[in-house]
Structure formats: C-alpha cells, structure tokens
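Derivation of every value follows stated rules applied to the coordinates shown; laboratory data play no part. These figures come from a predicted structure and were not determined experimentally. Don't worry about glycine lacking a Cβ; one is built from the backbone with ideal geometry, like all the others, and counts go over all protein chains shown.
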Amino acid sequence: EGKYTVTLIEGDGIGIEISKSVKDIYSAAKVPIQWEPVDVTPQLVNGKTTLPKEAIESVFKNKVALKGPLATPIGKGHVSLNLTLRRTFNLFANVRPCKSIVGYKTPYDDVDTVLIRENTEGEYSGIEHTIVPGVVQSIKLITKPASERVIRYAFEYAKSVKKPHILVVHKASIMKLSDGLFVNTAKEVAKEYPGITLDFELIDNTCLKLTTDPTQYSNVVMVMPNLYGDIMSDLSSGLIGGLGLTPSGNMGDNVSIFEAVHGSAPDISGKNLANPTALLLSSCMMLRHMELNSYADKIENAVLKTIASGPENRTKDLKGNAGTDSFTKKIIENL
Ligand code: IPM
Ligand code: MN
C-alpha cells in the first residue's frame, strides 16, 4: 500500500516495545511507508558469522532502515552487531543532534547541539592483542580518507542546517599522530568551504564547557573521532533529560540507518516502562532524509506536546508515570 518501503530492525530488549510504538504511531499518522521487518541474528556461514543475507539485501534495496537497540554480546570474538551494521553498509558519519525538549525542564535550557561522529574506525577498529599476559594493545586506527569523508560530511551538514561553524573536537596534544591527522585533514577540507569557520577544541575542555553552558555550541557543528563522539553524545543526552530522548542517523553514501543513541535496557525490557521518544525522533530524522517533512513535523510535534503535557503522560525516565503504551496512545491523540 505504502509508497516507500523501509527496513525495520526491531532490536532486542526494549527494542520490541519501542518499535511497536513507532509502528502504531505511523499507522495512525498515515505515513506513506511500509515496514520490511528483518532478523539480524548472526548466522554461521562456512565457519564465519555474518548477517543474514535477507537482512543485508533488504537494507541495500530500501536504502533506509530504522533500527532498535541490539544487545552487544559479552566475551571474546564477538563484534557488536551494531558495529557490524555500520561497517557492512559503510555508514561513515553518525549524526547526533541534541535539543532541549520544551516542556521538560532540566538544569539546562535551550540546548541545541549537534555532533558528527566518525563511525567506522578509531578506537572501534576492533584491532586488539595481548602481547604477553598483562600487557595488551588496542589500536586506534585513523586514516586520512575516513577522516576526510566525515569532515566533509560535517561541512556539508553545516551548510544545510545553516550553522556557520565547524568545531573539531580532539586530543591532538596527546594523540599527536592520530588526532593530529584528523585535525590537519580538517584544515585541508576547510579550504573548500570559505563561508564556514573552522575551530578546534580539546575534548576535555569541550566537556567542561558543555556542562557549564551548552548554548555556546548552538551555532556549531562538532565533528570528532569515533570514541569521543560516543562519549560526548551520552554527555549531551544527559543535559536534556537522558538517553530516552536523543536520536541519531548513521549515514553512508547509499544507505542510512536511523537509531536511538541508547541500548537495549534489559533491566526494564518487557515491563511497559521504555520511552520510545529517541526511536521516534530518529524516525523523524529518517522521514526528513526521505523528504517526508510534513509527517516528521506532525509526529515530532505530537511527541513534544505529549511530553510537555505533564508527568502523567511521561515515562518513568522523565519522572512520569505513563507506560510505553499509554504514552504512545497519548501521542496518537495529539497527532
Ligand atoms: C552507541 C552505542 C554503541 C557504540 C554500542 C552499542 C556499540 O553506545 O551507539 O553510542 O558504542 O557506538
Ligand atoms: Mn554510546
């Protein structure tokens, strides 16, 4: 029936509940998309674990996916499925906006930050060895091509959202070679964008300044290596009310996967406690990417209105007493 088909990876733990919430709200809002649910449980093929062929094909065919959180298996030899997905589809830029929710008060007003995280290498390269027992090495791999493409993405993004400054967040004072390469690459790319200024800041200082006054970063697009982006996105979420609220988009040249910044929260899964807001707002990023802006606005406004309408309509993470289902119902009423 729908005009567009989108791959849906429901995820583990609370993924099931929050995906259901998205599906219910999309039906009610008559969004012209049809979900193609896929299973991403790794398969053993010729002694190697891979993603199921059907899942890979679905994402390549549809080019857009919405993904719930996937639990990361503990133990050696397991690469997080989340990372496998980012790598399989070469999703090199992870866009993580963080905006205050008017109507949900925190000690910080008017937060409006965005960070772009390099999403394929750095400390997430998965190259680790034990040299001798008690001495290990985890390689932080930084390459010029990967740095260049994420930095260029950040400049293009800055242009499109009309934020006139790029801030490279780094620790090149200590990581002289790896972060140094990232910093120098930014200086080169910046020459292509005379209308946008380029600044640099040490990551520890950015953390301090963000928690002092985040509005200093309202006109800035931050770009940084992988692990810094992981940490700073959680820090940013904390400013506006937690991980239940922040969306993200994993962007590649051909494929994009939108997902919440949070994990599968096994402690609250199946208890009707999960906040679907982060996945809903991720889906709104997805709708805008698909140029379905009016549906994105409609859903986002209903979510914000519901949160603003008081604790009885908020989930527990936002000091409210609504369940996932009654929160979802209220959003549908507010569409
Ligand atoms: C995130 C998550 C992931 C990451 C985990 C689940 C592998 O924390 O998307 O920020 O570290 O990138
Ligand atoms: Mn994280």
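GNM remark for the chain: springs join alpha carbons under 10 Å apart, and the peak mean-square fluctuation among His170, His289, His129 falls on His129.
Hey, which aspartates and glutamates would be in cross-link range of Lys48, C-alpha to C-alpha under 20 Å, not counting anything within fewer than 8 residues on its own chain? Reachable aspartates and glutamates: Asp39, Glu57, Glu128. Couplings 3J(HN,Hα) for region 289-305, derived from phi with the Karplus relation 6.51 cos²θ - 1.76 cosθ + 1.60 (θ = phi - 60°), are 4, 8, 6, 9, 4, 5, 5, 4, 4, 4, 6, 4, 4, 5, 5, 5, 5 Hz, where x marks Gly and Pro.
Let me know the shape class of region 107-240, please: from the alpha-carbon gyration tensor, a ≥ b ≥ c as square roots of the eigenvalues, rounded when a/c is under 1.5, otherwise prolate if a/b is greater than b/c, or oblate. Cα axes put region 107-240 in the oblate bin.
The mean sequence separation of alpha-carbon pairs under 8 Å and at least six residues apart, normalised by the residue count of the chain, gives a relative contact order of 22 percent. Over all pairs of different C-alpha atoms in region 13-99, the reciprocal of the mean inverse distance, the Kirkwood hydrodynamic radius, equals 15.0 Å. Remark: region 142-149, residue by residue, has Karplus-estimated 3J(HN,Hα) of 10, 10, 5, x, 5, 5, 4, 6 Hz, where x stands for each Gly or Pro and the curve is 6.51 cos²θ - 1.76 cosθ + 1.60 at θ = phi - 60°.
Relative to its residue count, the chain spans a Cα convex hull of 146 Å³ per residue. Under 14 Å of direct C-alpha separation, and excluding same-chain neighbours fewer than eight residues apart, Lys171 reaches these aspartates and glutamates: Glu123, Asp179, Asp199, Glu201, Asp204.
Here the simple spin-label model places points 7 Å from the Cα toward Cβ, and for Ile174 and Ala28 these points are separated by 4.8 nm.
Identify the residues of region 81-106 with backbone N under 19 Å of a label point that sits 7 angstrom from the Cα of Val45 along the Cα-to-Cβ direction, or state none. Only 81-91 fall inside the zone, counting backbone N under 19 Å. In this structure, the residue pairs whose Cα-Cα separation is over 30 Å, taken from Lys53/Lys191; Lys3/Lys271; Lys67/Lys163; Lys20/Lys319, are Lys53/Lys191; Lys3/Lys271. What is the calculated FRET efficiency for Val135 to Glu156, with r their C-beta to C-beta distance and R₀ = 56 Å, to the nearest 0.05? That pair, Val135 with Glu156, gives E of 0.85. Each DSSP beta bridge with both residues in the chain is either parallel or antiparallel, and the antiparallel ones are about 50%. Debye-formula intensities of region 235-335, expressed as log10 I(q)/I(0) at q = 0.11, 0.17, 0.21, 0.24 Å⁻¹, are -0.33, -0.78, -1.13, -1.34 (one equal scatterer per alpha-carbon, no solvent). Which values of log₁₀ I(q)/I(0), to two decimal places, follow from the Debye formula for region 74-138 at q = 0.27 Å⁻¹ with a uniform point scatterer at every Cα? For region 74-138, the Cα-only Debye profile gives -1.15.
Around the amide H of Met175, modelled in the peptide plane, lies no amide H under 5 Å away from a residue 5 or more places distant or on another chain. So if I take the centroid of the Cα atoms in region 301-335 and the same for region 26-42, what is the distance between those two points in Å? Going from one Cα centre to the other spans 22 Å.
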